[in-house]
Amino acid sequence: MVFMDPLAQNLFLVGILFVAVAYYLTKVYLMRKNRDKEANNTSFGYFLIILGVLLGVYGLFYSLLWPTPMTGSYDILFGDSMVVLAFLAVLGGYNLLKSGELLSPYIGLAAFFGGIYNIIAGVSAYLLGMTDAPLMMLGLYLASGLAGVFLLPLVYTKNKSLVALIVILLIIAAIVSFVIGGMAVPEHLASFAHATGSS
C-alpha cells in the first residue's frame, strides 16, 4: 500500500470540492437563490460528507503510511492538509443537514486556523523547492489558505464583497489543483508502468 500514489486523482477531488463550495457560496450568498433550499442543502450536505470522508481516508493514508525515505516530507505537505480539508468538508456537510447553514462560528474558526496552516505549509514547501511545480503548489496553498482565513469574518458579516473574494480564491485554487493533477497523471502512469515493467 505504501507504493500507491493516488495523488493526481486526489487533486481532482480537491478541485471538485473547491468548485462546489464556490458555486454554493455564489448561489446562496451572492445570488440569494433560496428556492428548494432544504432539498439543495440536504443533497449538498451529503455530497460534502461523502467527499470529505473520501479525502480524509486518502489524507490519513498519506500521513500514516507515506512517511518513507522515498517520499520524505511529502506526507506532511499533502496528507496533513488533506485531513484538515476533509474535516472541514464533513463539518460543513453535517452543519447543512442539521441547521440548513453551511457556515457557523466553529466552522469559521476551524477554517481560519486550517487556512493559516495551509499558508505556512505552502510557503515552507515553496522555500524548500518541493514538487515539480513549486510556484503552482504555492498558488494552490495560498489561495485555499486565504479562502479559509476569510471564512471566519464571513460567518459574522455575510458581506458580498468578501463572498466574491472567497469564491475567486476557491476558483483559483481549483484551477491550479486541476492543472497540477492533470500534469501528474501521465507522469505517474509512466513512472508506475516503468516500475512494474508494463508496456
Exercise for the section: Only one of these is in a helix (DSSP H, G or I) and within 19 Å of Tyr117 (Cβ to Cβ): Ala164, Ala173. Name it. Expected result: Ala173
Exercise for the section: Go through the residues of region 138-158 one by one and say whether even a single one is more than 22 Å from Thr26 (Cα to Cα), among the hydroxyl-bearing types (Ser, Thr, Tyr) and either surrounded by 18 or more Cβ atoms within 10 Å (Cβ to Cβ) or touching a residue at least 24 places away in the same chain (Cβ under 8 Å) (or both). Expected result: no
Exercise for the section: Restricting attention to region 32-55, report how many residues are at pLDDT 90 or above and of a type outside the set (Ser, Thr, Tyr). Expected result: 11
Completion exercise
Screening Phe192, Phe150 for residues that are at pLDDT 90 or above, in a helix (DSSP H, G or I) and of a type in the set (Phe, Trp, Tyr) leaves only Phe150
Problem - Filter result for the condition that a residue is out of contact with any Pro (no Cβ under 9 Å at 6 or more places or on another chain), at pLDDT 95 or above and under 25 Å from Ile168 (Cβ atoms), over Phe12, Phe18 - result: Phe18
Problem - Qualifying position, being over 30 Å from Thr131 (Cβ atoms), over 11 Å from the mean Cα position of the chain (by Cα), modelled with pLDDT of 80 or more and surrounded by 15 or more Cβ atoms within 10 Å (Cβ to Cβ), among Tyr58, Tyr24, Tyr29 - result: Tyr29
Fill in the blank from the handout: Exactly one of Ile76, Ile119 is under 16 Å from the mean Cα position of the chain (by Cα) and either modelled with pLDDT of 95 or more or among the hydroxyl-bearing types (Ser, Thr, Tyr) (or both), and that residue is Ile119
Problem - Every residue from region 159-177 that is touching a residue at least 40 places away in the same chain (Cβ under 8 Å), small (Gly, Ala, Ser) and either out of contact with any helix residue (DSSP H, G or I) (no Cβ under 8 Å at 6 or more places or on another chain) or crowded, with 19+ Cβ neighbours inside 10 Å (or both) - result: Ala173, Ala174, Ser177
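The values are calculated or read from the model by the stated rules, or taken from the named source; none is laboratory data. Keep in mind that what you see is a predicted model, and the values were worked out from it rather than measured. We place every Cβ from the backbone using ideal geometry, glycine too, and count neighbours over all the protein chains shown.
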